[in-house]
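Following: one structure in structure tokens, then a few remarks.
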Amino acid sequence: MKNYFFLILLIICGVRGNAQNTVTTGKITGKVIDAETKQVVDYATISIFKSGSTSPFNGVVSDTKGNFTINNIAIGEYSIKVDFVGYKPYIINNISITNTVHNITIPTVLLTPVQNQLQSVNVVGKTPIVENKIDKLVYNAANDLTSQGGVALDVLKKVPMVTVDIDGNVELQGDANIRFLINGKPSSIFGASLTDALQSIPASQIKSIEVVTSPGAKYDANGTGGIINIILKDSKVQGVNGSINLSAGTRLENSSFNLNVRNGNFGVNAFFSGNDQLNSTSINTTDRLSYNNTRDTITHLNQKGDNSFVRSGYQSGFNFNWSITSKDELTAGIGFNHFSNHNTGLTAQEQQQMLLSGNVFSDILSSRSSDSRSSSDATDWNIAYKKTFKQKDQELDVLYTSTSGKNTNQVFQQQDYLSGGYPSSGSMSNNPGKDKETDISIDYTQPVTKDFTIETGAKTVLENLNNTVVTDTLAGKVFVPNNGQTYGFNYSRQVFAYYLSASFSLFNFIEGKAGLRDEYTHTSADFPNTNIPGYNILSPSFTLLHKLDKTQSIKFSYSYRIERPNYGDLNPFYNISDPHNISTGNPNLRPEIGHNFEMGYNKSFDGGGNIYVAATYRYNTDDVQSLTTFTPVLVIGGASYSNVFLSERYNIGRQTAEGVNISGSLPVGDKLNLRTNIQLGARTNESPGFATVTGFTARTNLNVTYQFNPNLTAEAFGNYNSSQKNIQGLRPAFYSYNFAARQQLFKKKASIGLTAADPFNQFINQRSTTNGANFNQTNLRQVPFRTFGISLSYKFGKLEFKKEKEKDDNTPGLQAPPEN
């Protein structure tokens with residue numbers, strides 16, 4: 001870890017060179033009003049230029065009172081340009097920041113309205129693909145071409161510090177324990193299967209993805225890896241407008257529809273999106289050697305088969321916004337989510353038993369057919385109230401969210417023996433369940449001085465899970481009830497939290513956020529022999545940022561995180577779709593505790609390039625991981641299964657991880673842009689009864705975009721994840737590549753796109769190994785990933801941007817600003 005911090009310091013020193021110990025900076029303040037009505041112009045764009053330059057290097061927008069402030073301006077000569085739709089631009093030249101004049105207040109800016117009425121407006125802005133802020137990283141997905149016909153997982157592959165494997169498992173800085181949110185709120189869509197949920201959100205619906213690696217005290221402490229917040233598209237502009245997106249491909253089909261209606265202080269957004277992953281067949285080959293307890297007998301199991309898989313899902317809902325007054329806003333929403341998948345397979349099996357001399361005394365051939373289905377239906381609704389005050393940034397927020405879901409898992413398997421004279425065996429299981437979560441939170445922000453702000457709040461989380469398992473086993477030619485594998489399971493959890501945090505600026509040198517969160521958790525479960533004690537945690541966090549100059553900054557952050565076991569980890573349902581490879585949950589899991597450190601350096605360049613380098617260190621205690629054990633005979637509810645791998649989640653001990661993350665973009669001329677993300681790191685697992693294992697990993701991707709003309713863009717994307725040692729074997733490596741092109745039509749109201757993923761490879765091969773004291777296994781999965789697709793997009797409606805007269809606290813509020 002010391003080497004990584006030394007690397008960061010070298011980079012910082014090299015960039016700083018012989019810079020002075022302190023840099024004198026100033027600020028420019030002003031106010032924008034309408035030249036005719038004398039009303040304030042809020043959300044006007046203020047851009048600042050170096051003297052003689054035609055490109056701005058910084059900018060802000062005016063607040064609801066028309067005021068603006070541009071901070072941290074180095075000594076020099078500048079000009080300012082003030083813009084707003086429907087007004088003539090206003091330019092102020094010859095503004096000087098000197099050693100003696102640091103703070104300048106310019107005369108009130110009088111914007112003159114354009115007399116010609118606008119029939120329609122196209123707002124074109126170049127938002128950076130990646131924005132690095134003090135407390136989070138934002139990936140703006142709107143111009144992500146290669147994932148335009150894909151799903152949320154395809155977008156996540158592009159996000160710095162995020163890793164997605166071939167099965168859709170997501171890691172943030174090497175940690176899979178991530179708290180996922182949609183529009184800043186929890187959703188039951190993530191409750192049953194995270195991968196299925198992320199596969200069911202079309203990329204065309206995603207506006208941006210926020211990555212919070214060191215969440216502050218205001219965030220829930222749950223999620224040792226951090227938080228990923230998926231922001232879906234919405235609009236608050238006046239009028240009626242919307243968009244339609246369709247894509248069709250050889251592997252995936254998507255569609256989405258958005259409609260926004262806003263008149264005065266009231267707005268409604270309706271949306272629908274859905275997708276289908278078409279039938280695809282993967283090939284699986286497993287070779288296992290296992291030993292009995294006296295190690296004088298060897299069992300060799302070989303399995304080879306194919307699995308056909310389909311997946312579908314949709315989301316739909318409504319959002320409402322009412323600006324009651326200029327300082328009171330009420331929002332509400334209701335959403336419906338559904339996804340399902342269906343997997344069928346046929347596997348040929350050969351099990352040989354032999355002595356150490358190699359003499360075979362048993363050779364059993366069998367064929368196994370399997371069928372598994374899962375589905376989830378969820379409803380989310382929320383209501384939020386925001387109160388602002390006369391003092392800038394003083395704010396009160398109250399939020400109530402409720403999410404409930406119904407989940408069903410059905411598993412069927414039957415083995416027919418081709419030798420040995422054994423009767424057929426099999427089982428059928430049905431596992432319906434329900435989950436519900438209610439969150440109630442209140443947050444208050446109070447500026448104390450210009451450089452010091454306090455935030456405080458409280459939250460209650462109420463969770464309830466229950467399910468029933470009904471199992472039938474094959475007896476002769478019919479399936480009969482198996483009471484030993486039929487049971488119910490109820491689980492409830494309550495979390496009560498309070499936090500206090502502060503944002504501050506010290507000596508015009510350090511910006512920071514620091515806070516403490518207290519969370520008490522009470523858990524109960526009625527599963528036999530399960531007793532989960534309550535526990536209380538104190539979760540401190542802080543982030544410190546220093547701007548070396550207007551283009552460079554360094555930051556250091558720490559957060560204390562907790563990972564509470566989720567539904568899948570706890571559910572004691574035995575999945576016996578393959579009797580030789582059985583998995584189950586563990587209701588006795590304890591929460592995992594994580595400590596995350598990050599030190600980062602950010603540099604922006606003239607012309608739009610940027611680089612971010614971060615050294616990270618994390619250590620977890622009571623680390624939750626899946627372990628596989630081998631047993632010659634496993635008895636479940638009175639039924640016996642032979643030669644079994646049993647996979648179950650355990651608190652294994654301690655895990656440490658250290659690494660370096662590098663992300664950046666480089667414009668080459670006006671048409672070509674290069675972006676890359678690189679992660680290098682090592683992860684060490686320590687657990688009683690196992691040897692300490694350290695595994696190195698590397699993940700890198702490269703994105704190349706070329707703008708042929710204002711309406712035609714092409715993109716290529718390549719991604720590589722290396723293999724990595726874990727506590728019981730080797731996680732497989734994989735690579736993928738995508739190509740895309742998009743042509744915009746009808747004054748950019750419509751577009752057509754073409755995509756191709758892995759066009760030259762029919763399969764992606766996944767080789768993995770698993771080892772234990774009395775077994776070793778190799779597995780090869782050949783996953784079809786090649787796809788070709790076409791996508792269509794159309795935007796409709798007329799957008800109106802108007803300024804109304806400012807109202808007092810008892811009249812309807814100002815219209816919301818246009819979305820960039």
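The values are calculated or read from the model by the stated rules, or taken from the named source; none is laboratory data. Given the structure is predicted, the values throughout are model-derived calculations rather than measurements. Using ideal geometry, Cβ is built from the backbone for each residue, glycine included, and neighbour counts are taken over all protein chains shown. The protein model used for the area step is the full one, side chains on, heavy atoms only, and it has no ligands, DNA or RNA in it. Shrake-Rupley method; radii C 1.70, N 1.55, O 1.52, S 1.80 Å.
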Considering residues of the range 52-79 that are buried (at least 17 other Cβ atoms within 10 Å of the Cβ) and touching a Gly at 6+ places or on another chain (Cβ under 8 Å) only, the residue modelled with the lowest pLDDT: Ile73
Scan of the range 174-196 for residues that are of a type in the set (A, V, I, L, M), modelled with pLDDT of 65 or more and closer than 15 Å to Asn341 by Cβ, ordered by number: Leu194
The one condition in (1) open to solvent by less than 30 Å² (accessible area, probe 1.4 Å); (2) aliphatic (A, V, I, L, M); (3) at pLDDT below 90 that Ala698 fails to fulfil: (3)
Which numbered condition Asp276 fails, given (1) closer than 24 Å to Pro579 by Cα; (2) of a type outside the set (A, V, I, L, M); (3) within 26 Å of the chain's Cα centre (by Cα); (4) open to solvent by 40 Å² or more (accessible area, probe 1.4 Å): (1)
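Please verify whether Leu538 is surrounded by fewer than 21 Cβ atoms within 10 Å (Cβ to Cβ), at pLDDT 85 or above and in contact with a Gly (Cβ under 7 Å, 6 or more places away or on another chain), treating the condition exactly as stated. Quick ask: steps written out before the conclusion?
On the way: surrounded by fewer than 21 Cβ atoms within 10 Å (Cβ to Cβ): yes; at pLDDT 85 or above: yes; in contact with a Gly (Cβ under 7 Å, 6 or more places away or on another chain): no.
No; evaluated as a whole, the condition is false for this residue.
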Identity of the residue in the range 643-681, open to solvent by less than 20 Å² (accessible area, probe 1.4 Å) and over 25 Å from the mean Cα position of the chain (by Cα), that ends up farthest from Asp363 (Cα to Cα): Ile652
Exclusive hit being within 27 Å of Ile454 (Cα to Cα), among the polar types (S, T, N, Q) and surrounded by 16 or more Cβ atoms within 10 Å (Cβ to Cβ), set Ser326, Ser375: Ser326
Residue check, Gly433 at pLDDT below 90 and part of a strand (DSSP E or B): yes
Yes/no for Leu137 being modelled with pLDDT under 85, open to solvent by less than 10 Å² (accessible area, probe 1.4 Å) and over 22 Å from Phe788 (Cβ atoms): yes
Pair list, Cβ < 8 Å and 6+ apart or interchain, from the range 33-56 residues that are on the phi > 0 side of the Ramachandran plot to residues that are surrounded by 19 or more Cβ atoms within 10 Å (Cβ to Cβ) and hydroxyl-bearing (Ser, Thr, Tyr): Tyr43/Ser62
Boolean, Asn307 is open to solvent by less than 50 Å² (accessible area, probe 1.4 Å), assigned to a strand (DSSP E or B) and out of contact with any Phe, Trp or Tyr (no Cβ under 9 Å at 6 or more places or on another chain): yes
Residues satisfying the stated conditions in the range 300-329, i.e. over 30 Å from Ala270 (Cβ atoms), among the charged types (D, E, K, R) and within 33 Å of the chain's Cα centre (by Cα): Asp306
Single residue of the range 743-759 satisfying the filter (in contact (Cβ under 8 Å) with a residue 24 or more places away in the chain and in a loop (DSSP other than H, G, I, E, B)) that is farthest from Val170 (Cα to Cα): Lys747
Pairs where the first residue, in the range 180-208, is in a strand (DSSP E or B) and surrounded by fewer than 24 Cβ atoms within 10 Å (Cβ to Cβ) and the second is modelled with pLDDT of 75 or more and β-branched (Val, Ile, Thr), C-beta under 6 Å, 6+ apart: Phe180/Ile228; Ile182/Ile230; Lys185/Thr401; Lys207/Ile231; Ser208/Val138; Ser208/Ile231
Any chance Arg368 is in contact with a helix residue (DSSP H, G or I) (Cβ under 7 Å, 6 or more places away or on another chain) and touching a residue at least 60 places away in the same chain (Cβ under 8 Å): no
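Quick check, is Asn319 surrounded by 16 or more Cβ atoms within 10 Å (Cβ to Cβ) and within 16 Å of Ala197 (Cα to Cα)?
no
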Residue list for the range 583-602, filter: among the hydrophobic types (A, V, I, L, M, F, W, C) and either under 30 Å from Ser665 (Cβ atoms) or modelled with pLDDT under 90 (or both): Leu589, Phe597, Met599
Qualifying position, being without any contact (Cβ under 8 Å) to a residue 24 or more places away in the chain and either under 24 Å from Ser751 (Cβ atoms) or touching a Pro at 6+ places or on another chain (Cβ under 8 Å) (or both), among Leu232, Leu246, Leu259, Leu252: Leu259
Residue ranges of strands (runs of 3 or more DSSP E) in the range 510-601 with at least 2 members in contact with an Asp or Glu (Cβ under 9 Å, 6 or more places away or on another chain) and among the small types (Gly, Ala, Ser): 552-563
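Name the residue that is farthest from Ile652 (Cα to Cα), counting only residues in the range 710-742 that are in a strand (DSSP E or B) and either of a type in the set (S, T, N, Q) or in contact with a Cys (Cβ under 8 Å, 6 or more places away or on another chain) (or both).
The qualifying residue farthest from Ile652 (Cα to Cα) is Thr713.
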When residues of the range 286-299 are limited to those that are surrounded by 14 or more Cβ atoms within 10 Å (Cβ to Cβ) and more than 41 Å from the chain's Cα centre (by Cα), the one farthest from Ser200 (Cα to Cα): Thr297
Selection from the range 391-411 of residues that are open to solvent by 40 Å² or more (accessible area, probe 1.4 Å) and either in contact (Cβ under 8 Å) with a residue 40 or more places away in the chain or in contact with a helix residue (DSSP H, G or I) (Cβ under 6 Å, 6 or more places away or on another chain) (or both): Gln391, Lys392, Asp393, Glu395, Leu396, Val398, Leu399, Tyr400, Ser404, Asn409
Residue, modelled with the highest pLDDT, within the range 603-624, restricted to residues that are part of a strand (DSSP E or B), open to solvent by 30 Å² or more (accessible area, probe 1.4 Å) and of a type outside the set (Val, Ile, Thr): Tyr617
Considering residues of the range 753-777 that are open to solvent by 40 Å² or more (accessible area, probe 1.4 Å), in contact with a strand residue (DSSP E or B) (Cβ under 6 Å, 6 or more places away or on another chain) and not β-branched (Val, Ile, Thr) only, the residue nearest to Arg742 (Cα to Cα): Leu754
Residue within the range 524-534 that is closer than 30 Å to Asp287 by Cα, open to solvent by 10 Å² or more (accessible area, probe 1.4 Å) and among the acidic types (Asp, Glu) present: no
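Does the range 578-602 hold any residues that are small (Gly, Ala, Ser) and open to solvent by 30 Å² or more (accessible area, probe 1.4 Å), and which are they?
Answer for the range 578-602, where residues must be small (Gly, Ala, Ser) and open to solvent by 30 Å² or more (accessible area, probe 1.4 Å): just Ser583.
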Residue under evaluation Gly488, criteria (1) touching a Ser or Thr at 6+ places or on another chain (Cβ under 7 Å); (2) exposed (fewer than 14 other Cβ atoms within 10 Å of the Cβ); (3) in a loop (DSSP other than H, G, I, E, B), criterion not met: (3)
